[in-house]
Amino acid sequence: MFQESTAEAWAARFGTPAPEGLPDLGRLLNHRSVRDFTSEPVPVAMIEGLVGAALSAATSSHLHAYSLVSVQDPARRREINQFCGDQRQVAHAPWFFAVCADLNRLVSHAPDPAMPDAVDTVEMYTVACVDAALAAERMVVAAESLGLGTCYIGALRNHPHEVRRILNLPDHVFGVFGLCIGWPSEENFPRIKPRLNPEQIWFREQYPAQLDVQEFDARMTEEYARDGRDEGVPWSARMARRASLRGLNGREKLQEFLQAVGLNRR
C-alpha cells in the first residue's frame with residue numbers, strides 16, 4: 001500500500017522522470033481514490049485524530065465555516081447512499097463523512113441575528129466551500145499518512161434536498177461532498193492515476209495564450225486502455241462531456257437549492 005518512492009510516484013503521475021533534487025514528499029504523490037475497503041474497523045481514536053487534523057487546516061478569517069457529519073448508522077448510511085448514486089465505497093467504508101459548507105454557526109450565535117447580513121452572498125458561500133475543502137484535504141493527507149484509503153463523493157450534491165433531510169441540515173448549510181475512509185483492500189488496490197504535467201498547470205508570471213493537453217490526452221488514452229475503458233474518445237473530449245448539462249446529474253439545479261437555504265443569492 002502506498003509503497004512507491006517519491007520519484008516512482010512522480011513518474012507514474014506525470015509521465016516524466018522526477019526533477020533532479022526532488023525532496024522526499026512522503027505519501028503526498030502516492031494519493032489514489034480507494035473504492036474497496038476491508039472490513040477491519042478504524043478505531044474512533046484514529047478518526048478523532050483525523051478530525052483534529054482537519055480542524056487544523058487554514059480557515060478564512062478564523063470563521064470555521066464548515067462542519068463534518070459522520071454517518072455510521074446502517075439504515076441512515078443506506079439511505080444517504082441511495083442519493084449518492086448507490087456506490088460500493090459509500091456502502092462499505094468503515095467511516096463516511098458529509099463535508100458541509102456551514103454558515104449557520106455565524107448566524108445562530110451572532111449577538112444580533114441581523115448582523116451577519118452577508119451570509120447569502122457568493123463571497124461567503126465561496127469562503128465556506130473553500131474552508132470545507134481545505135479541512136477535508138488535510139484530513140485525507142493525515143489518513144493516508146496512517147495507511148488509510150479515502151474517496152471523495154461528489155454525488156452528495158446530486159440530491160441536496162434529500163441529503164438535507166437525512167442529515168437534519170439547517171438553513172445556511174450545504175453538503176459539498178462526501179468522504180469515505182477505511183483500510184484499503186489489497187485485492188483491488190488502484191494504481192496511481194495520471195495528472196496533467198506540472199508545466200500545464202504551473203504558469204510563470206502570466207496565464208499562457210494557449211493551453212496544450214495533447215500529451216495528457218495520449219497518456220490518458222493508454223490509461224483508459226489499461227482499464228478496459230477505451231472508447232476512442234480522448235480525455236479532453238470526455239471532460240467536455242462531463243462539463244455539459246447532461247453530465248451534471250441534476251447538479252445544474254443547485255442554485256435553486258442554495259438560494260432556498262439562504263446561500264449564494266447575490
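Any read-out appearing in this document is the output of simple, stated calculations on the displayed coordinates, not a laboratory observation. Nothing here was measured: the structure is a model prediction, and the numbers come from that model. Here Cβ is always computed from backbone atoms with ideal geometry, including for glycine, and neighbour counts include all displayed protein chains.
Between the beta carbons of residue 117 and residue 75, assuming R0 = 45 Å, the FRET efficiency works out to 0.70 to the nearest 0.05.
Rounded to the nearest 20 Debye, what is the dipole magnitude of the chain about its Cα centre when Lys and Arg each give +1 and Asp and Glu each give -1 at the C-beta?
Working: 28 positive and 34 negative charges, 135 e Å.
Taking the Cα centre of the chain as origin, the dipole is about 640 debye.
Taking every alpha-carbon pair in region 111-214 and binning the separations at 10 Å intervals from zero gives 10, 26, 31, 23, 8, 1 percent. Ordering 108, 118, 74 by the projection of their Cα atoms onto the charge dipole of the chain, which places +1 on the Cβ of Lys and Arg and -1 on the Cβ of Asp and Glu, puts 74 at the extreme positive end.
DSSP beta bridges confined to the chain are antiparallel in about 95 percent of cases. Of the listed values (1) -0.62, -1.03, -1.35; (2) -0.70, -1.01, -1.18; (3) -0.74, -1.18, -1.43, grab the one calculated as log10 I(q)/I(0) by the Debye sum over Cα atoms at q = 0.11, 0.14, 0.16 Å⁻¹ from the structure here. It is the one labelled (3). Each distinct pair of alpha carbons in region 41-160 adds a 1/r term; the inverse of their mean, the Kirkwood radius, is 15.6 Å. Whole-Hz Karplus values for region 44-49 come out as 4, 4, 5, 5, 4, x Hz, taken residue by residue from phi with 6.51 cos²θ - 1.76 cosθ + 1.60 and θ = phi - 60°; glycine and proline positions read x. For the listed peptides 123-129, 19-25, a ranking on the average number of other beta carbons within 10 Å per residue, highest first, reads 123-129, 19-25.
Note that region 249-262 has calculated 3J(HN,Hα) couplings of 6, x, 6, 5, 9, 4, 4, 4, 5, 4, 5, 5, 9, x Hz, one per residue in order, obtained from phi through the Karplus relation 6.51 cos²θ - 1.76 cosθ + 1.60 (θ = phi - 60°); glycine and proline are x. Quick one: work out Rg over Rh on the C-alpha atoms of region 179-239, Rh as Kirkwood radius. Computed over Cα atoms, the ratio is 1.09. Think of the chain as a dipole: +1 on every Lys or Arg Cβ, -1 on every Asp or Glu Cβ, centred on the Cα centre; then among 172, 260, 132, 260 lies furthest on the positive end. Highest average first, the peptides 77-88, 172-183, 104-115 ordered by how many other beta carbon atoms sit within 10 Å of their residues are 172-183, 77-88, 104-115. Binning the C-alpha pair distances of region 206-247 at 10 Å intervals from 0 yields a P(r) profile of 26, 44, 25, 5 %, listed from the shortest bin outward. Every Cα-Cα pair in region 1-55 was counted, and those over 19 Å apart are 50% of them. Quick one: Cα centre-to-centre distance for region 14-38 and region 168-239, in angstrom? Taking the Cα centre of each part, region 14-38 and region 168-239 sit 14 Å apart. Charge tally around residue 258: other residues with Cβ under 12 Å, Lys/Arg +1 each, Asp/Glu -1 each, net +3.
Solvent-free Debye calculation, one equal scatterer per alpha-carbon of region 163-266: log10 I(q)/I(0) at 0.23, 0.24 Å⁻¹ equals -1.16, -1.21. If you take the charge dipole of the chain about its Cα centre, with +1 on Lys and Arg Cβ and -1 on Asp and Glu Cβ, which of 90, 214, 152 is farthest toward its positive end? About the Cα centre, the residue reaching furthest to the positive side is 90.
Applying a 4.7 Å Cβ-Cβ cutoff to the chain, the cysteines left without a disulfide-compatible partner are 84, 100, 129. The amide H of residue 66, built 1.01 Å from its N in the peptide plane, has 102 as neighbours under 5 Å, considering only residues 5 or more places off or on other chains.
Once the convex hull of all Cα atoms in region 61-107 is built, its volume per residue stands at 95 Å³.
Under the simplified labelling scheme, the residue 236-residue 209 pair shows an inter-label distance of 1.7 nm, with each label point 7 Å from Cα along Cα→Cβ. Ranked by the mean number of other Cβ atoms within 10 Å of their residues, highest first, the peptides 253-263, 143-153 come out as 143-153, 253-263. Within the listed set 155, 75, 93, the Gaussian network model of the chain (springs between alpha-carbon atoms below 10 Å) gives the highest mean-square fluctuation for 75.
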